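The values are calculated or read from the model by the stated rules, or taken from the named source; none is laboratory data. From a predicted model like this one, the values you see are computed outputs, not experimental measurements. Here the Cβ is made from the backbone with ideal geometry for all residues, glycine too, and neighbour counts use every protein chain on show.
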Amino acid sequence: MKKFLTLITLFLFIIGISACQNSSPSPKGISVNSSSTKAIDSKEPLTIIGGELNYELINTIKSDNELYGIKFNPKDNTIIAYGDSSSIDIYTMNLKPITSIESKNDEINSIDISSDGNYLVSGGDDGYIEIWNLNNYKLVNRMQSNSKETFAVAFSSDGKKVASGGAEKVIDIWNATSGEQIARLEGHQDEISNISFIDFDRKLVSTAKDKQTKIWDVTKKKNIYTYLTPSNEYGSIKKVKSFDDYTISALTEVESAQGNSRKRNGPPVWKYTIKFKDNQGNTLQEFNQHRGTITDIAVAKNRSYMASSSEDKTVRLWDLEKKKHITNIILKDKAYGVSINKSGHLLVALEGHHKIKLFQIKSGFSPTNSSSVSSPVAQSTTNNTISSWYKKQYAIVVGINTYKKKSIPTLSNALNDARSVAKVLREKGFSVIELYNENATKDRIFDALKKIKQLATPQDSTLFYFAGHGDGVSGENNVREGYILPFDFASELNNPNFDVMYYDKSAISISSLVMYARDTKAKHIGIILDSCFSGLAMDSKYASKSLENVENLDSIEFDTKTRSIRIKPLKVASTQSSNKRNKAENLIKELLSKKSINILTAGDDQPVSDGSQHSPFTTALLNVLDSNTNKKGFIRFNTLANYIKNYVEKQTKQRQKPQYKNESLENGDFIFKI
């Protein structure tokens with residue numbers, strides 16, 4: 001029996017050891033709620049299309065320490081948290097613990113990270129200013145300020161200087177390398193709360209509990225401008241972000257009681273605002289949707305959007321270009337901190353003082369290789385030689401059957417046309433933004449164009465396809481302009497206000513699309529418009545003559561027996577003789593090396609047919625691009641346009657005449673693979 005008990009004890013001991021070896025305990029004070037979803041970052045900065053952003057919770061961790069704030073490192077997306085502890089905790093971009101830095105301060109009130117992500121500066125309750133190397137997490141410098149407690153620290157943009165401020169109402173500027181104090185700025189009447197360098201580090205912006213914002217000349221060590229930041233002396237400044245042209249301040253204010261006995265006799269009426277002020281204190285913009293004290297603000301590096309955390313248990317996202325609210329991230333507790341990573345694709349927030357939450361931020365209409373419909377997209381088996389000619393290919397596909405204004409007739413096939421074109425383009429390797437019906441507003445279309453303009457390089461090609469209503473407007477002095485009509489078009493179709501400027505407010509001029517094409521970096525741009533009156537693009541002052549056919553390349557051919565038109569694509573195959581293949585490749589490379597802006601419209605200055613299943617124009621386009629119905633190879637935009645023109649004119653008995661021009665002066669051409 002004793003032997004049996006001994007064996008059982010040994011067995012349990014071994015199991016215990018095994019369990020210990022297979023467990024992975026979290027660091028002291030940290031509990032982890034892991035998620036199978038991983039955070040995804042991108043080198044391309046996040047941009048907003050149509051004023052919409054979506055978010056997804058990626059991970060949550062809990063700390064036993066009370067946390068005051070959180071920041072992303074711009075270099076590697078590590079996340080740095082600090083608070084009522086001497087420890088500064090560092091995590092991966094998926095909130096996996098890396099290490100902790102131990103400060104000489106008992107608690108950390110403020111941190112900043114150098115723009116290159118190599119150094120961190122911290123300030124705390126014992127007045128120590130500490131600079132840390134984030135590559136090896138070692139202390140570089142420790143300075144003792146005259147303030148008993150430091151509340152604000154900031155790096156200069158070049159990382160050579162550090163500013164600090166706190167309880168002693170002064171701002172000290174330090175040499176980050178040597179730790180030597182190089183300046184002191186005096187003038188505030190209360191504790192310093194926020195500091196930022198601006199204007200190539202020649203100026204500094206500070207705020208304090210005295211409710212003032214001050215702008216300082218760092219070189220001359222003097223105050224050059226001061227303004228009261230809240231609307232009256234009863235408000236307070238919570239957080240500030242400063243740029244060369246404006247400062248964003250999160251404020252708690254008391255509304256004026258003048259003329260309102262209820263407010264004057266009752267308790268204070270608080271409002272929580274975010275104000276944008278220029279360097280003279282003039283208010284440029286104000287957001288006031290928060291219902292609790294605003295605790296932190298963060299701005300994406302490209303200034304496309306801003307996030308604000310609040311005690312109203314939300315993190316709110318704001319479109320900085322359009323100066324309007326986007327969406328709310330709802331939390332279960334008060335939000336005490338927020339940070340956005342360098343690209344804008346990741347956001348981290350403090351829920352209460354103990355939970356860190358990581359979110360993926362997504363644009364609602366980014367270019368993707370995935371179809372917007374449920375059916376899978378087949379991958380093309382076409383020769384991949386084209387991939388070496390275009391680094392990337394982007395497309396915006398717009399289709400509108402129904403319009404917000406009910407008096408505008410409903411179309412039958414525009415949406416089907418657009419979806420089919422998007423599917424085929426994806427098979428050809430395009431990343432596509434799809435905007436359909438109510439999603440195809442003027443703002444969203446312009447935002448999509450700006451997004452592609454931002455992404456495109458001289459090695460890329462871009463394509464814009466529109467299927468929907470169009471209109472032509474005649475103004476004074478024989479001015480005539482063509483327009484495509486977005487979903488939120490507000491005028492009357494075929495009975496417009498003849499002031500071309502007024503019409504521009506809700507429609508999109510075809511000239512503006514041509515101007516966009518001229519301004520983008522992409523080498524080859526295509527604009528394809530399946531809408532009425534789109535042929536007015538040919539009268540644009542920006543348009544020029546079409547290209548002539550290029551010998552020994554693709555062509556269209558007529559079958560006299562079947563009375564049909566067919567594409568004869570250029571083949572670049574290994575079965576060809578080397579001389580023939582090299583000649584073909586050289587011809588295409590010559591076209592690809594030169595700029596081309598191709599404009600193809602469904603008709604002239606005339607109405608065009610919507611067709612049955614597809615419009616005649618889009619039917620011809622799909623006939624060419626769909627590899628299931630054509631010989632494989634390559635065709636130029638010029639040849640594509642020639643085929644579509646002949647096909648549509650034949651199908652409509654010359655009632656509809658597609659138009660084509662290559663607007664570029666360099667004689668390049670857009671190349672499709674089929």
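For residue 52, the criteria (1) surrounded by fewer than 19 Cβ atoms within 10 Å (Cβ to Cβ); (2) out of contact with any helix residue (DSSP H, G or I) (no Cβ under 9 Å at 6 or more places or on another chain) hold in every case but one, which is (2). Restricted to segment 421-474, the set of strands (runs of 3 or more DSSP E) holding at least 1 residues that are surrounded by fewer than 21 Cβ atoms within 10 Å (Cβ to Cβ) comprises 431-436, 470-474. Quick check on segment 521-533. Is at least one of its residues modelled with pLDDT under 85 and either hydrophobic (A, V, I, L, M, F, W, C) or part of a helix (DSSP H, G or I) (or both)? Yes, there is a match, as at least one residue in segment 521-533 is modelled with pLDDT under 85 and either hydrophobic (A, V, I, L, M, F, W, C) or part of a helix (DSSP H, G or I) (or both). Here residue 220 meets the list (1) part of a loop (DSSP other than H, G, I, E, B); (2) more than 37 Å from the chain's Cα centre (by Cα); (3) surrounded by 15 or more Cβ atoms within 10 Å (Cβ to Cβ) almost entirely, failing just condition (3).
Table: residues versus (1) farther than 27 Å from residue 286 by Cα; (2) out of contact with any strand residue (DSSP E or B) (no Cβ under 9 Å at 6 or more places or on another chain); (3) assigned to a loop (DSSP other than H, G, I, E, B); (4) in contact (Cβ under 8 Å) with a residue 12 or more places away in the chain.
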residue	(1), (2), (3), (4)
162	yes, no, no, yes
182	yes, no, no, yes
185	yes, no, no, yes
196	no, no, no, yes
214	no, no, no, yes
226	no, no, no, yes
230	no, no, yes, yes
234	no, no, yes, yes
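Just name the residue that is surrounded by the most Cβ atoms within 10 Å (Cβ to Cβ) out of those in segment 229-253 that are in contact with a Pro (Cβ under 9 Å, 6 or more places away or on another chain) and farther than 11 Å from residue 272 by Cβ. Among residues in segment 229-253 that are in contact with a Pro (Cβ under 9 Å, 6 or more places away or on another chain) and farther than 11 Å from residue 272 by Cβ, the one surrounded by the most Cβ atoms within 10 Å (Cβ to Cβ) is 249.
Of the strands (runs of 3 or more DSSP E) lying entirely inside segment 63-112, the ones with 3 or more residues being surrounded by fewer than 21 Cβ atoms within 10 Å (Cβ to Cβ), outside the structural domain of residue 131 (by TED's automatic domain parsing) and over 25 Å from the mean Cα position of the chain (by Cα) are found at 97-102.
Would you check if residue 202 is charged (D, E, K, R) and either touching a Cys at 6+ places or on another chain (Cβ under 6 Å) or closer than 19 Å to residue 280 by Cα (or both)? Considered against the rule, which asks whether it is charged (D, E, K, R) and either touching a Cys at 6+ places or on another chain (Cβ under 6 Å) or closer than 19 Å to residue 280 by Cα (or both), residue 202 comes out as yes.
Among the residues examined, residue 654 qualifies as at pLDDT 75 or above, in a loop (DSSP other than H, G, I, E, B) and over 26 Å from residue 400 (Cβ atoms). Here residue 590 clears all of (1) more than 21 Å from residue 652 (Cβ to Cβ); (2) modelled with pLDDT of 80 or more except the condition numbered (2). The set of residues in segment 64-84 that are under 28 Å from residue 141 (Cα atoms) and at pLDDT below 95 contains only 65.
Residue by residue, here is whether (1) touching a Gly at 6+ places or on another chain (Cβ under 6 Å); (2) assigned to a strand (DSSP E or B); (3) under 22 Å from residue 270 (Cα atoms) holds:
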| position | (1), (2), (3) |
| --- | --- |
| 285 | no, yes, yes |
| 289 | no, no, yes |
| 297 | no, yes, yes |
| 307 | no, yes, yes |
| 315 | no, yes, yes |
| 325 | no, yes, yes |
| 329 | no, yes, no |
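Given the criterion closer than 22 Å to residue 308 by Cβ and in a loop (DSSP other than H, G, I, E, B), identify the matching residue among 210, 190, 158, 244. Among 210, 190, 158, 244, only 244 is closer than 22 Å to residue 308 by Cβ and in a loop (DSSP other than H, G, I, E, B).
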